[in-house]
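The values are calculated or read from the model by the stated rules, or taken from the named source; none is laboratory data. As the structure is a computational prediction, the values presented were derived from the model and not from experiment. Glycine gets a Cβ as well: all are built from the backbone with ideal geometry, and neighbour counts include every protein chain shown.
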Amino acid sequence: MRNTLSIFCCLLSFILYGQDVHFSQFYNSPLTINPANVGAFNGDIRAHSNYRNQWSSIQSAYKTYSFSVESQLLKYKWPNNYLGIGLNFFNDKAGDLGLGLSQTNLTVSSILALSPDLTMTVGIQPSFMQYSIDYTNALTSSQYANGGFNSSLPTGETSLNSGFSFFDVSTGCTFNYAQGESNLASHDMFIVNIGFSFSHVNRSVLDFGTIEKLYPKIIAHGNSNIGISNSRLSLMPSYLLVFQGPQKEITAGSMVRLFITESSRYTGNVSESAILFGGHYRWNDALIASLGYQLGEYQLQISYDINLSSLNRSTRYRGGFEIALKYTNPEVFGAGRASSLDPKFM
């Protein structure tokens, strides 16, 4: 059923002043939560692809796509630090009027060794953002006559903006502590990563006929790998705290990694494989169940949000389906070369 333009404007106001679009698998979308995450991985190249279909049980669901690729610079040139660089594309569209956001991010970071086990990363992310909307299907109160809407009548609306673009800036930092395995068969690697980011530093202006400004967004996040000694299991707890204007998001939970086969440490003929399963809870919103599979450099993970908020009367507890694909290229560029900075990341 089509909504009136006045109802749409209320929804638009919530979107512009509420949270930015996001993924439930935030740990599989590192560049969307913190610019300092770029380059903080084990390998030479890392790529993420994410897709989210939210509230598909309601007409005109939210559909979100993201793709990122990142690498490292000067890793084998500088003794105690190197640079990370990444590019991220993001698209989101929702509603009968196709309210859309397209975003392109260029991210640069510096990875610095504070000690053999502790690494700090700082990053900055300039972004080009485009909002768009299609008023073709919009119905206004001026078109309501004889107990129904008549799209042939004049809308009575003027000076509506169908799109605009602007530049935005985000920044952040992370701290990563890691202890390697005590021996080849112990599986007791321990990694803790925490981070903080600040988005919309310049408070960009939004213009859909009225001039508004984006609320700044503050994020605190963390994840860990806790290897259970002499077993094939690792616990991977994580959390995400987001504060943007009057809106907030609190998500916490854990994945469990079950190793199936170990990679051959010297020949490289056998790839590591593992199953991942677990869940997270987003406060006052949803329970998120996840299942994944890792084979060598590739990892595929799917998740589903079980809606527990007041919207469940309409959604019937159906929330959002999400899929994430990750590829990490091993350090082929640095084969046979030593680096004094060799941190271990998640």
Output for segment 32-52, where each listed residue is surrounded by 23 or more Cβ atoms within 10 Å (Cβ to Cβ) and out of contact with any Leu (no Cβ under 9 Å at 6 or more places or on another chain): Thr32, Asn34, Pro35, Ala36, Ala40, Arg46, Arg52
Is it the case, given these coordinates, that His280 is farther than 30 Å from Pro116 by Cβ and within 21 Å of the chain's Cα centre (by Cα)? yes
State which residue is modelled with the lowest pLDDT when the search covers only segment 242-264 and only residues that are assigned to a loop (DSSP other than H, G, I, E, B) and either over 15 Å from Ile275 (Cα atoms) or touching a helix residue (DSSP H, G or I) at 6+ places or on another chain (Cβ under 9 Å) (or both). Ser264
In segment 124-171, which residue that is aliphatic (A, V, I, L, M) and part of a strand (DSSP E or B) is modelled with the highest pLDDT? Ile124
Looking at segment 233-248, I want the residues that are closer than 15 Å to Ala286 by Cα and have a partner that is aromatic (Phe, Trp, Tyr) with Cβ atoms under 8 Å, at least 6 apart or on another chain. Which pairs are those? Leu240/Phe26
For the condition at pLDDT 95 or above and closer than 28 Å to Cys173 by Cβ, what is the one hit in His221, His200? His221
Could you run through segment 203-221 and say how many residues are in a strand (DSSP E or B) and of a type outside the set (A, V, I, L, M)? 5
Is one or more of the residues making up segment 222-241 part of a strand (DSSP E or B), of a type in the set (Val, Ile, Thr) and out of contact with any Leu (no Cβ under 9 Å at 6 or more places or on another chain)? no
Of the residues in segment 296-329, those that are of a type in the set (A, V, I, L, M) and at pLDDT below 95 come to Ile306, Leu308, Leu311
Go through the residues of segment 99-109 one by one and say whether even a single one is under 22 Å from Asn193 (Cα atoms) and surrounded by fewer than 20 Cβ atoms within 10 Å (Cβ to Cβ). yes
